[in-house]
Amino acid sequence: MTATSAETTSSPEGAPRSHPQRWLILGVICLAQLTVLLDNTVLNVAIPSLTEDLDASSADVQWMLNAYSLVQSGLLLTAGNAADRYGRKKLLATGLALFGLGSLAAGLAQTSGQLIAARAGMGVGGALLMTTTLAVVVQIFDDSERVKAIGLWSTVNSLGFAAGPLIGGIMLDHFWWGAIFLVNIPVAVVGLVAVIAMVPESRSGTGDRPDVLGAILSTIGMTGVVYAIITGPVHGWTSGQVLGSAAVGIVVLAAFAVWELRIPNPMLDMHFFRNQRFVGAVAGAILVAFGMGGSLYLLTQHLQFVLGYEPLDAGLRTAPLALTVVALNFTGLGARLLSWLGTPRTIASGMTMVSAGLAAIALLGGDGYGGMLLGLVVMGAGIAVSMPAMANAIMSAIPPEKAGVGAGVNGTLAEFGNGLGVAVLGAVLNSRFAALIPAAAGAVSLPAVMATADSDAERSRISDAFAEGLETSQLVGAAAVLAGGLLAAFLLHRAERSSPQAQPDQDAGAQ
């Protein structure tokens, strides 16, 4: 039976109460979440196959990765609004159905353009799923269990993100690249049946209207900015195409902000940015996703192009990141640290570890896998500590009746940070590679540059230059994550000093 969120999740005193089947429901929605998150990174190990089978250029490959993330980023907030108004269960089921259909189209794609379009279509279903899963978690768990539940949700979040290369490697070892999409279909069907049977309906009943224009403006704006970043190394940073795309993106994003301030029911209430706790969590979430997305994109290329691993072997060698996150979050480490250290110190500690892991991969992983293994484990520990704390900080700064919007904000930050990380760090790699190997300027891929080499010494020089470009890119990601951690911790600490009651309340929820 459909009910408002106030009816399904609040006690007579107004405090949220737990649903009797909350842990089983959490398992169901995490299954749905996992299918979406795997597709953020599952294509990373397929880059060589896509380059060969679809004659894809580096820009094509980056758009195959970014089309999914950018569409999600643009639609997450609108999807959150729609879920709050029309029902979170309805939107969750709709998202699963759309995601399954998009996966079918992607698996059958014959050209780069078709695959990019299918990935964008999958992003529509993914946007509905990403907002509703976290919103449902917030609605069905009370304060005493919410931090632990968000920690488990974050575990699946990180597992899906980090396990994508492993799953992709296993699939590519036995099947062609399209199978990595077709495998989503049975999972989506099972998830759809379980959601319909088990997940309770909830909505805010506020009557807020979805902000369609806001979604269009945000999507166009982010696409313009990221397109400029991706094509900058190819066309030149001062070319009319790059500068024009960047200008359009910035102007449209500014128009989006103005629009959101003027309408009565905005997709994103810009006044949330007056909340220092919210701003601190936002800064951290964007930059940790930036580092994770970009570094994983670069790491899989390093494992395959430089160290010579096959797709399955490359995927297996990224598994320690996911395994570390799962092991630490299932022990409840993140929730306990949040209780002991408080939000600012927890986020600062976690993101410092993520930064250290990225730096270790850059500095110690150039000649073999041992340094990478150390970096992946340290990075995984940092993710396990920081991600649940940041998600909880964002959701606690937004009213419960706006749970869908809060989930949309959280998901937007993750998706936008991931896409921007791939674009920016990919651009740094291309720029550094072209500076060292002038013949690489404008080349479609590393194999294309290698094909121009006429001796083993030249091929070795190209490989070394590519590895140096990767090192530079990883260090840029590490610096960005460290800066984000320190900024987030500072803003959250200042917010708690101005609102002393906030931290004790949160700590009580973590126990």
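Brief remarks on what is shown
- The listed residues are Leu166, Leu217, Leu192, and the only one of them that is at pLDDT 75 or above, open to solvent by 20 Å² or more (accessible area, probe 1.4 Å) and in contact with a Leu (Cβ under 7 Å, 6 or more places away or on another chain) turns out to be Leu192.
- Consider the range 234-275 and keep the residues that are closer than 25 Å to Met395 by Cα and polar (S, T, N, Q). The one that is farthest from the chain's Cα centre (by Cα) is Asn265.
- Selection status of Val282, open to solvent by less than 30 Å² (accessible area, probe 1.4 Å), out of contact with any Asp or Glu (no Cβ under 9 Å at 6 or more places or on another chain) and over 26 Å from Ile347 (Cβ atoms): no
- With respect to the conditions (1) open to solvent by less than 20 Å² (accessible area, probe 1.4 Å); (2) among the hydrophobic types (A, V, I, L, M, F, W, C); (3) in contact with a Ser or Thr (Cβ under 8 Å, 6 or more places away or on another chain); (4) closer than 17 Å to Ala127 by Cβ, Leu425 falls short on a single one, namely (4).
- The range 28-50, residues that are farther than 14 Å from Ala106 by Cβ, of a type outside the set (A, V, I, L, M) and either modelled with pLDDT under 75 or open to solvent by less than 10 Å² (accessible area, probe 1.4 Å) (or both): Gln33, Thr41, Asn44, Pro48
- Test for Gly80: is it free of Cβ contacts under 8 Å to residues at least 40 places away in the same chain and either in a helix (DSSP H, G or I) or under 18 Å from Ala389 (Cα atoms) (or both): no
- Residues satisfying the stated conditions in the range 382-415, i.e. open to solvent by 10 Å² or more (accessible area, probe 1.4 Å), modelled with pLDDT under 70 and either within 21 Å of Leu38 (Cβ to Cβ) or not acidic (Asp, Glu) (or both): Pro400
- Criterion applied to Ala483, Ala443 was being under 27 Å from Leu363 (Cβ atoms) and at pLDDT below 80, and the one residue passing it is Ala443.
The values are calculated or read from the model by the stated rules, or taken from the named source; none is laboratory data. The structure displayed is predicted, hence computed values, not measured ones. Cβ: placed from backbone, ideal geometry, glycine included. Neighbour counts: every protein chain shown. Calculation scope for accessible area: heavy atoms of the full protein, side chains included, ligands and nucleic acids excluded. Shrake-Rupley method; radii C 1.70, N 1.55, O 1.52, S 1.80 Å.
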